[in-house]
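Quick notes on the structure that follows.
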Amino acid sequence: MANIGSEIERTIKWRNKDHPDYANQAFERGLELLALTINSQTQYSKLKELTRLRECLLDFFLGNNQYHSTQESWQKYFYNFNYLARK
């Protein structure tokens, strides 16, 4: 999850710097890591959260943002995973 969060953070940063090509590449890497994580899960509760995460990420970055996500909310969501990975 920390690696996925790093790619989403890069996506946000490149988006803010108005480099859509780099942002798209980072987002695709994040989605690829998320897909690998989803495919490796056997517990329903984890699978449910991961698939909802994918749905919300796609909605925020490519859709109409019907869940009203913000860049800050994504940074907060992934912060704890990145913090634990650094420990």
At 7 Å along the Cα-to-beta-carbon direction for both residue 82 and residue 46, put a label point, then send me their distance in nm to one decimal. 2.3 nm
Dipole size in debye (nearest 20) for the chain around its Cα centre, Lys and Arg Cβ +1, Asp and Glu Cβ -1? 340 debye
Can you tell me the order of 47-58, 7-18, 76-87 when each peptide is scored by its average per-residue count of other Cβ atoms within 10 angstrom, highest first? 7-18, 47-58, 76-87
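Values quoted throughout were computed directly from the atomic coordinates according to the rules given, and no laboratory measurement underlies them. Just so it is clear, the model here is predicted, and its values are computed rather than measured. Every residue, glycine among them, receives a Cβ derived from its backbone with ideal geometry; neighbour counts consider all protein chains shown.
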